[in-house]
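Asks: So that we are looking at the same thing, I have put the structure below in structure tokens.
The values are calculated or read from the model by the stated rules, or taken from the named source; none is laboratory data. Treat the numbers as computed from the prediction; the structure is a model and nothing was measured. When we count neighbours, we look across all protein chains shown, and the Cβ atoms used for this are built from the backbone with ideal geometry, even at glycine. These accessible areas exclude ligands, DNA and RNA; they are computed on the full protein's heavy atoms, side chains included. Shrake-Rupley method; radii C 1.70, N 1.55, O 1.52, S 1.80 Å.
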Amino acid sequence: DEINKIDWIDRIRFTSSNPHDMTNDILDAHFDCDKVCNYLHFALQSGNDEILKRMNRRHTYADFKKQVEYLRSKDPLFSISTDIIVWFSGETDEMFEDTIKAIRELEIDFVFIARYSVRPGTIASKIYVDDVSNSKKAERWHTLNNVLEENVEKRFKLMVGKSFKVLINWEKDEQFFGRTRNFKEVFFEKNDKYQLWDIVNIEITGVDGWVLTWKLV
């Protein structure tokens, strides 16, 4: 609320690692505070409750689903990204299938996929073995990444034909890069008309794999 009052700030985004931190007042802040963007990253980690319990997480899939559906009910274009660990110790094919179903059901916009590895000092390192080969972990990583690619296309298509404001926030070589308020990236050739931190109006014209096509308005 206090940051939202600062005149020169146009956009606010924040990240939570845990769904149990996402109380309703925090979810509502995305809509009550006009500068808070319609994007949130918070970590599901697995779509299977037994695996979540083994991870010592304080949420269930139902908890996470309820929060995502609440945000999307207020704004269908609200973007959600999350973290998933594949092949956590003891994760069966059926448990992994629950994660695939979860990512599909919620149409998560982006997933940071990690392959389980033991971290010294954690409870898991004392209780659970890491006895799965990297090649098997890679198989599940690629399977989930393919599901994510399906989601990206579905979510992108919702934006086609609509106009958005893009904040140019970095540059590389001869290109500017920027993001919409719901965290979709676009890029275009640098020119004298625009500079870093400008806001430009664009219209989404189509989808090309992992990339949006668009035109300046």
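Asks: For the range 61-147, compute the orientation-averaged projected area of the C-alpha convex hull (one quarter of its surface), in nm².
Replies: Working: hull surface 25.1 nm².
So the Cα hull casts an average projection of 6.3 nm².
Asks: In whole Hz and in residue order, list the ³J(HN,Hα) couplings for the range 149-158 that follow from phi through the Karplus curve 6.51 cos²θ - 1.76 cosθ + 1.60, θ = phi - 60°; x for Gly and Pro.
Replies: 4, 4, 4, 4, 5, 4, 5, 4, 4, 5
Asks: Which of the lysines could a cross-linker span from Lys162 if the Cα-Cα distance has to be under 18 Å and same-chain partners fewer than 8 positions apart are dropped?
Replies: Lys74, Lys154, Lys184, Lys215
Asks: Convert each backbone phi in the range 191-196 into a coupling constant with the Karplus relation 6.51 cos²θ - 1.76 cosθ + 1.60 (shift: θ = phi - 60°), then list the ³J(HN,Hα) values in order as whole Hz, x for Gly and Pro.
Replies: Per residue, the Karplus-derived 3J(HN,Hα) values read 8, 6, 6, 10, 8, 3 Hz.
Asks: Moving to a separate point now. Give the long-range amide H neighbours of Ala114: residues separated by 5 or more places, or on another chain, with amide H under 5 Å away, using H modelled in the peptide plane at 1.01 Å from N.
Replies: The answer is Ile84, Ile85, Val86.
Asks: Same structure again: In whole percent, and with a 1.4 Å probe on the protein chains, what portion of the accessible area of the chain is carbon and sulfur?
Replies: Details: 6000 of 12140 Å².
Answer for the chain: carbon and sulfur cover 49 percent of the accessible area.
Asks: Right, something else. Test of understanding: extend the Cα→C-beta vector of Ile100 to 7 Å, then name every residue of the range 23-64 with backbone N under 17 Å from that spot.
Replies: In the range 23-64, the label zone of Ile100 (backbone N under 17 Å from the point 7 Å along Cα→Cβ) covers 46-49.
Asks: Please report the net charge: other residues with Cβ closer than 15 Å to the Cβ of Lys193, K and R +1, D and E -1.
Replies: Values: positive: Lys190, Lys215; negative: Glu171, Glu174, Glu189, Asp192, Asp198.
Neighbour charge sum, excluding Lys193 itself: -3.
Asks: What do the square roots of 5 times the Cα gyration tensor eigenvalues come to for the chain, in whole Å, largest first, as semi-axes of the equivalent ellipsoid? Don't skip to the answer; put the middle values down first.
Replies: Working: eigenvalues 229, 86, 54 Å².
Semi-axis lengths for the chain are 34, 21, 16 Å.
Asks: Provide the per residue accessible area, probe 1.4 Å, for the range 23-129, rounded to a whole number of square angstrom.
Replies: Numbers: 5260 Å² over 107 residues.
Counting only protein heavy atoms, the per-residue value for the range 23-129 is 49 Å².
Asks: So which of Lys65/Lys137; Lys5/Lys66; Lys136/Lys172 end up more than 32 Å apart by C-alpha? Don't skip to the end; give the middle numbers.
Replies: Values: Lys65/Lys137 25 Å; Lys5/Lys66 30 Å; Lys136/Lys172 36 Å.
Result: Lys136/Lys172 exceed 32 Å.
Asks: Starting from the Cα gyration tensor of the range 10-129, multiply each eigenvalue by 5, take the square root, and state the resulting semi-axes largest first in whole Å. All intermediate terms of the calculation are to be shown ahead of the outcome.
Replies: Numbers: eigenvalues 155, 46, 28 Å².
In descending order the semi-axes read 28, 15, 12 Å.
Asks: I want the antiparallel fraction of DSSP beta bridges within the chain, as a percent rounded to 5. Intermediate values should be presented prior to the final figure.
Replies: Details: 21 of 33 bridges.
Bridges in the chain that DSSP calls antiparallel: roughly 65 percent.
Asks: Which angle from 0 to 90°, rounded to the nearest 10, does the C-alpha axis of helix 61-74 make with the longest principal axis of the chain?
Replies: 10
Asks: Under 10 Å, Cα contacts only: if you run a Gaussian network model on the chain, which one of Leu77, Leu196, Leu144 comes out with the highest mean-square fluctuation?
Replies: Of Leu77, Leu196, Leu144, the Gaussian network model singles out Leu196 as fluctuating most.
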